[in-house]
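Throughout, read-outs are computed from the coordinates displayed, never taken from laboratory work. These numbers come from a predicted model, not from an experiment. Don't worry about glycine lacking a Cβ; one is built from the backbone with ideal geometry, like all the others, and counts go over all protein chains shown.
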Amino acid sequence: MDLVRYGPPAALQLSVPGRTASRVGRKGGTVAGAGNGAVRSDLGEVFRRDYPQVVAVAARVLGSRDEAEDVAQEVFLAFGRSTVPAAEAPGWLSVAAVHTALNLIRSGRRRASREETVAATADVTTPDVAEAVLTREDRSRVRAALGELPRTQAVALVLRHSGLSYAEVAAALDMSPGSVGTTVRRAESALRKELTRHASSD
């Protein structure tokens with residue numbers, strides 16, 4: 001999948017008013033609440049088909065369904081204005097979701113999510129509070145380390161661990177199938193090094 005050919009991830013920096021799924025759809029050839037720019041006629045169909053996967057991929061990076069839904073809104077708005085063939089949409093959307101989620105981590109614009117609030121409240125009644133806190137801190141370290149990886153490695157790693165096959169990852173990233181395994185292994189190795197570095201700096 002050649003993201004440059006159809007629109008780079010930088011084009012995903014859009015203002016999304018809320019995260020209600022109905023905001024992304026057809027209404028007189030435009031995206032409701034997104035201005036008067038024309039969008040593709042197959043957006044509704046692609047949205048219904050691929051929205052769960054896009055949210056799941058973004059949630060892999062962010063660990064928050066609320067933030068993942070925000071990312072999905074940005075990605076589908078960008079897709080609606082793109083010329084990506086519908087047949088290539090699943091791969092393009094997954095890659096765009098990872099890029100957008102990584103941008104969110106790297107920019108430091110993450111907000112406190114509903115899941116994090118619930119987890120903090122649950123700690124009060126958890127028998128082993130220390131274990132729960134450590135679990136959250138470990139996940140936070142992994143996401144911070146993921147944000148430091150080379151972009152291609154990070155995207156390949158997330159896609160692979162989101163359930164995509166090597167062939168699907170290769171198609172989504174416009175890579176040769178044989179190089180996907182190497183890229184993922186390098187990403188895992190780099191992630192371990194980043195985690196070690198983060199741990200030693202604490």
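Structural remarks
- Cα→Cβ-extended label distance, 7 Å offset, between residue 144 and residue 106, nm: 1.8
- Label point of residue 56 set 7 angstrom out along Cα-Cβ; within the stretch 139-161, amide nitrogens under 20 Å from it belong to 155-161.
- Across the stretch 60-75, coupling constants 3J(HN,Hα) worked out from phi with the 6.51/-1.76/1.60 Karplus curve, θ = phi - 60°, read 4, 7, 8, x, 9, 5, 4, 5, 5, 5, 4, 4, 4, 4, 4, 5 Hz, and Gly and Pro carry x.
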